[in-house]
Amino acid sequence: MKLRKVSAASAAVLALALTATACGGDDKDSGSGGDGKKITIGIKFDQPGLGQKTPDGYAGFDVDVATYVAKKLGYTEDQIEWKESKSADRETMLQRGDVDFIAATYSITPERQEKVDFAGPYLLAHQDVLIRADDDKIKSPEDLNAAKLCSVTGSTSAQNVKDKLAPKAQLQPYPTYSACLPGLQNGAIDALTTDDSILAGYAAQSQFKGKFKLGGFKLTNENYGIGVKKGSDLKDKINKALEEMVSDKSWDKAVEDNFGPANYKNEPAPKIGDIKS
């Protein structure tokens, strides 16, 4: 009798072990398709309109693009694990396999292409300036010579303007772009500069709606791509998904949903592989 009890218990343990093996646990998938596993995607957590962590989840244009791509790869929204990808960490995160892909205002550059591969581009942005909606003095980059320009620690955007376009601009240091906005609103600074898509995301926030406008200067071309590990077969799959997003108008809807309140005059969806210098 005792032997039968032990055998039954052993059988139960064996059955549980076989079941666990068959389920495969909840290991992260490598990107081959959705089969109940997870896909890990890198985004920014602090850029309104592009990639932002909110009390209700994650929101922004990059989030919408990444969610669409993940769906085309076979994953539902609840199978996505979002991971913060700060600018300085992106290549390392891909090389280590911390994420399957990154959509985080990730400009395609020759230097980065030596380390990782890019799908896309999926958005053509430009360096621009954000000014007060009632400001009629700053009409060209040269007008920044008489302006107080927000300079964000760790960013080269403002310094580039001073070096190349407006040598008399007064750089005012702030810790983040978000910190610049109250100063812009109250007149402590006259302009904030970075990618126009990022500026539009800030300006589209409900508390700032109608208070700011973009200069429309198009100082640089920023080709946003989706980063993947070097040699990953995800690149071609993501490119196909991006093409479908444009063709079924989901791309247009994402632009309007995230940038519409800022009256962002975005470029048309770029062709895959068409990188503007």
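The values are calculated or read from the model by the stated rules, or taken from the named source; none is laboratory data. Source: prediction; values computed, not measured. Cβ atoms come from the backbone with ideal geometry, glycine included; neighbour counts cover every protein chain shown. SASA here: full protein model, heavy atoms, side chains in, ligands and nucleic acids out. Shrake-Rupley method; radii C 1.70, N 1.55, O 1.52, S 1.80 Å.
Key figures
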{"read-out": "Potential extension, Ser206-Asn145 segment - 0.36 nm per residue separation minus Cα distance", "value": "18.9 nm"}
{"read-out": "Accessible area expressed per residue, the chain, with surrounding protein chains retained (probe 1.4 Å, Å²)", "value": "51 Å²"}
{"read-out": "Protein accessible area in the chain, 1.4 Å probe - carbon and sulfur %", "value": "50 percent"}
{"read-out": "Most fluctuating residue given options Pro48, Pro182, Pro110, as computed from a GNM of the chain linking Cα atoms under 10 Å", "value": "Pro110"}
{"read-out": "Under the span-like rule (Cα at least 30 Å along the axis, Kyte-Doolittle mean at least 0.0), DSSP H helices of the chain", "value": "2-23"}
{"read-out": "Sum of side-chain charges, Leu124 neighbourhood, beta-carbon under 9 Å (Lys, Arg +1; Asp, Glu -1)", "value": "-2"}
{"read-out": "At q = 0.26, 0.29 Å⁻¹, base-10 log of I(q)/I(0) for the range 201-267 (Debye sum, equal scatterers on each alpha carbon)", "value": "-1.13, -1.22"}
{"read-out": "Gaussian network model of the chain, Cα within-10 Å springs - most flexible of Ile43, Ile189, Ile198", "value": "Ile189"}
{"read-out": "Over 27 Å (Cα to Cα) - which of Lys137/Lys276; Lys44/Lys276; Lys86/Lys139; Lys86/Lys115; Lys86/Lys137; Lys164/Lys276 fall in this group", "value": "Lys137/Lys276; Lys86/Lys139; Lys86/Lys137"}
{"read-out": "DSSP bridge orientation in the chain - percent antiparallel, rounded to nearest 5", "value": "60 percent"}
{"read-out": "Listed values (1) 18.1; (2) 16.9; (3) 13.5, entry calculated as mean projected area of the Cα convex hull in nm²", "value": "(1)"}
{"read-out": "Accessible surface of Glu84 - all protein chains present, 1.4 Å probe, nearest 10 Å²", "value": "70 Å²"}
{"read-out": "Furthest towards positive pole of dipole, Thr194, Leu171, Tyr122, structure part the range 109-199, Cβ charges", "value": "Leu171"}
{"read-out": "FRET E, pair Asp98, Lys218, Förster distance 45 Å, beta-carbon r, rounded to 0.05", "value": "0.85"}
{"read-out": "Where labels lie 7 Å past Cα in the beta-carbon direction, separation of Ser155 and Gln170 in nm", "value": "2.0 nm"}
{"read-out": "Sum of side-chain charges, Asp274 neighbourhood, beta-carbon under 13 Å (Lys, Arg +1; Asp, Glu -1)", "value": "0"}
{"read-out": "Inter-probe distance in nm under a simple model that places probes 7 Å from Cα toward Cβ, at Lys271 and Ser247", "value": "1.5 nm"}
{"read-out": "Residue-count net charge about Asp190 - beta-carbon cut-off 11 Å; Lys, Arg +1, Asp, Glu -1", "value": "+1"}
